[in-house]
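Trainee: Next up is a structure, given as structure tokens.
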Amino acid sequence: MMKKLNSLSDLEKLGEDIRAKKDPKRLAVAVCVSTGCQALGVQKVLEAFDEELKKQGLEGKVEIKETGCLGFCEKGPRIVIYPEEIYYFQVKASDVPEIVSKTLINNEIVERLLYTDQVTGKRARYLSEVPFYKYQNRLLLENNSKINPKKLEDYLAIGGYTALAKALFKMTPETVMKAVKDSTLRGRGGGGFPTYRKWESSRNAPGEPKYVIVNCDEGDPGAFMNRALMEGNPHSILEGLIIGAYAIGSHEGFIYVRQEYPLAVENMETAIKQAEERGLLGEDILGSGFDFKVKIHKGAGAFVSGESSALMTAIEGKVGEPRPKYVHTSEKGVWDKPSTLNNVETWANIPHIINYGAKWFASIGTEGSKGTKIFALAGKVNNTGLVEVPFGVPLKDIIYKIGGGIRNGKKFKGVQTGGPSGGVIPKQHLDSPVDFDELTKLGSMMGSGGMIVMDEETCMVELARYFVNFLCDESCGKCTPCREGLKQASIILNRIVSGKGTEGDIEKLKKIAEVTSVASLCALGQTSANPLLTTLRYFSDEYEAHIKEKRCPALACKELVSYYIDPEKCQACTICYRNCPVDAIIGEKMKVHVVDQSKCIKCGTCYDVCPPRFGAVKKISGEPVPPPIPEEERLIKRPKKEKRS
């Protein structure tokens, strides 16, 4: 049982003692144990370190620190060796003996484990040299590689809970509120609503108790910004929540987490327990007289439950459905009591604002969007993962400087921001700054931070169909515009991508989008029009090609694509013949292969397996397949190799 902190001086003394015991020169290995790295086998890496340190007589001399995610998940498992801060990527258990013997014992670098730049071929020894990190400003993610999220002492060592102490003992609720107002912090959950206005509304609303809530529902496919913070630095979120509760006058809170985030739940439960034991949470926090308790609520996984009123309905134990907001949830939320809901990223910013000041925070970003934003960069880009940048950074810099450009030398076509309800931004707007207002002008939105990059082989009609189908499945069905509008849009789009579109389909889609955007009950329906409207706005020629010419310009829509084998390039290697799942390839050695169109299911396997140096399998759309050459002309005549003398 840890000793309870009963005063500000107790907290300050504990922090000083912890920092005094830290040896900055001590060897330490920080190992990322986030969900992503666990999936890549980091547990075996940890076991290998334990075994090798014992074998080399280094047990107790080298600290193994289990830390959170720093974003570059495709290069995991990641380790950092202190005090030099050498970063190794894609570490396997078999690499550990060499790391221990070379780097820990002899201070030598294992070159092959360093990050290698795909363009220049240069290896990066330190994180600041890795392009993916070089152009970021990791205000929130930075500490994920420095602390063990299950150890309160690690958080205190980097100044944790000093913002809470400052708020409780040196500020009034009103001055905390003013600091948040002056910082112009906007909610990171999607809408970008000014944070202080929510807080002020709940503070001034009649009714007790007042509730504060953390939204970690995060339903966007491929997005894990909130999860990374919950797993890697849960105390920062908890500290921000307590400060917010103090400002609002709340004494009870909820942390709403997706059921699919077991590690985030585990780390947050540990953080709550440790904070309670130390007197940082519960009754009479740090002897200040302020009481606050918090509970974790595990969500059932419905996408719509990320919407504020639906989330609050779920906390009440009911089905997570939105309700009309004639009165804002900040005034009547959970059990009709004033309730302030912000997402994980918003709460994690609060300690920074209190510690460093509103003016400092407002100096980062653009006129209307202050601070940094974490994005989940995904799609047809070389470097994927979590990216934290100041507002105002051009889209081009995120995609090309941090993301390393488009994979396989393909051309950039568009980027979708804001998750399934976001819009697609084309190449002519790549120089646009990323902030709440600019993205909205382009027909997209910030959302929670999803960012999917698309290349020339992406069909925009198919993309719209995919996201409309997703939203249709996730609609709660409570209101007619969303329930029926998305269903009808899905039917039309499915028809278009299968080559059965008709002349009036585009106008029908526009009308459906218009109705759902203004008449739906919640943001899911209201923003569901974005994928439709932006693809129609920027890529109308693709819709026209699908409907009028029965052709997919991107060669992506299965029903509109055909495959054939170019007799001039076929080498009769039989690879396509052996891999075809339905035996639609007619082929044998020394004879040009042929695709039997009556059997072909258009799966594209032959196209995928044909060696690039041959490029014999061709994909076409909207044009007739060339007739196969006659049987007697299929024999391949290869030049005879000259005999060596």
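Trainee: Looking at this model, which pairs from K380/K618; K134/K380; K146/K166; K273/K325; K293/K332 are more than 31 angstrom apart at the alpha-carbon?
Mentor: K273/K325
Trainee: Treating cross-link reach as a plain straight distance, find the aspartates and glutamates whose alpha-carbon is under 13 Å from the alpha-carbon of K550, omitting any fewer than eight places away in the same chain.
Mentor: Once the sequence-local aspartates and glutamates are set aside, what remains near K550 is E503, D541, E542, E559, E623.
Trainee: For the stretch 195-328, what class follows from the C-alpha gyration tensor (a ≥ b ≥ c being the square roots of its eigenvalues): rounded when a/c is under 1.5, otherwise prolate if a/b is larger than b/c, else oblate?
Mentor: Judged from the Cα gyration tensor, the stretch 195-328 comes out oblate (a/c at least 1.5, b/c at or above a/b).
Trainee: Counting only protein heavy atoms and using a 1.4 Å probe, what share of the accessible area of the stretch 398-458 belongs to carbon plus sulfur, as a whole percent?
Mentor: Accessible surface attributable to carbon and sulfur in the stretch 398-458 totals 47 percent.
Trainee: Going through the cross-link list K370/K441; K44/K122; K25/K65, which pairs have a Cα-Cα distance over 22 Å in this structure?
Mentor: Violating the 22 Å Cα-Cα cut-off are K44/K122.
Trainee: Give, in nm to one decimal, the length gained when the segment between E484 and E588 is fully stretched (0.36 nm per residue of separation minus the Cα-Cα distance).
Mentor: Full extension from E484 to E588 adds 32.2 nm.
Trainee: Between the stretch 253-325 and the stretch 326-359, what is the C-alpha centre distance in whole Å?
Mentor: If you average the Cα positions of each part, the centres end up 13 Å apart.
Trainee: Enter the Cα centre distance for the pair the stretch 100-119 and the stretch 364-385, rounded to the nearest angstrom.
Mentor: A separation of 29 Å, based on Cα centres.
Trainee: Tell me whether the stretch 45-153 comes out rounded, prolate or oblate; compute the Cα gyration tensor, take square roots of the eigenvalues as a ≥ b ≥ c, and use a/c under 1.5 as the rounded threshold.
Mentor: The shape class here is oblate.
Trainee: Then there is this: Could you pull out every residue, at least 5 positions away or on a different chain, whose amide H is within less than 5 Å of the one on I255? Hs are placed 1.01 Å off N in the peptide plane, and Pro or chain starts have none.
Mentor: When sequence neighbours closer than 5 places are left aside, the close amide H contacts are V214, K295, I296, H297.
Trainee: Starting at the first residue of the stretch 37-45, write each ³J(HN,Hα) from the Karplus equation 6.51 cos²θ - 1.76 cosθ + 1.60 with θ = phi - 60°, in whole Hz, x for Gly and Pro.
Mentor: 5, 5, 5, 9, x, 5, 4, 5, 5
Trainee: Now for a different question. Would you work out what percent of the accessible area of the stretch 1-91, with all protein chains in place, is carbon or sulfur (probe 1.4 Å)?
Mentor: For the stretch 1-91, the apolar C and S fraction of the accessible surface comes to 49 percent.
Trainee: Any chance you could give the angle, 0 to 90 degrees and rounded to 10, that helix 480-497 forms with the longest Cα principal axis of the chain?
Mentor: Rounded to the nearest ten degrees, it is 30.
Trainee: Let me ask another. Given the whole protein assembly as supplied and a 1.4 Å probe, what does the accessible area of K508 come to in Å², nearest 10?
Mentor: Counting only protein heavy atoms, K508 exposes about 100 Å² to solvent.
Trainee: Follow-up. Taking the 0 to 90 degree range and rounding to the nearest ten, how far is the long axis of helix 262-277 tilted relative to the main principal axis of the chain, both from C-alpha atoms?
Mentor: Value to nearest ten degrees: 10.
Trainee: By how many nm would the segment from L635 to N355 grow when fully extended, if each residue of separation counts as 0.36 nm and the alpha-carbon distance is taken off?
Mentor: Answer, rounded to one decimal: 93.0 nm.
Trainee: Using the beta-carbon distance between T440 and D473 and R0 = 22 Å, what value does 1/(1 + (r/R0)^6) give for FRET efficiency, to the nearest 0.05?
Mentor: It comes out at approximately 0.30.
Trainee: K122 to D284: FRET efficiency via 1/(1 + (r/R0)^6), r the Cβ-Cβ distance, R0 51 Å, to the nearest 0.05?
Mentor: The pair K122/D284 has a calculated efficiency of 0.35.
Trainee: Which distance in Å, rounded to a whole number, links the C-alpha centroids of the stretch 159-183 and the stretch 497-576?
Mentor: 51
Trainee: Still on this model: Tell me which residues come under 5 Å, amide H to amide H, from I64 once H is placed; ignore anything under 5 positions away on its chain.
Mentor: Residues meeting the criterion, in which the H sits 1.01 Å from N, are V29.
Trainee: Can you work out the accessible area per residue across the chain, with the rest of the protein chains kept in place, probe 1.4 Å, in square angstrom?
Mentor: About 44 Å² of surface per residue is accessible.
Trainee: Quick check: from the Cα gyration tensor, does the chain come out rounded (a/c under 1.5), prolate or oblate?
Mentor: It is oblate, given that a/c is not under 1.5 and a/b is not larger than b/c.
The values are calculated or read from the model by the stated rules, or taken from the named source; none is laboratory data. None of the values given here were measured: they were computed from a predicted structure. Cβ atoms come from the backbone with ideal geometry, glycine included; neighbour counts cover every protein chain shown. Quick note on the areas: whole protein, heavy atoms, side chains included, nothing else; ligands and nucleic acids left out. Shrake-Rupley method; radii C 1.70, N 1.55, O 1.52, S 1.80 Å.
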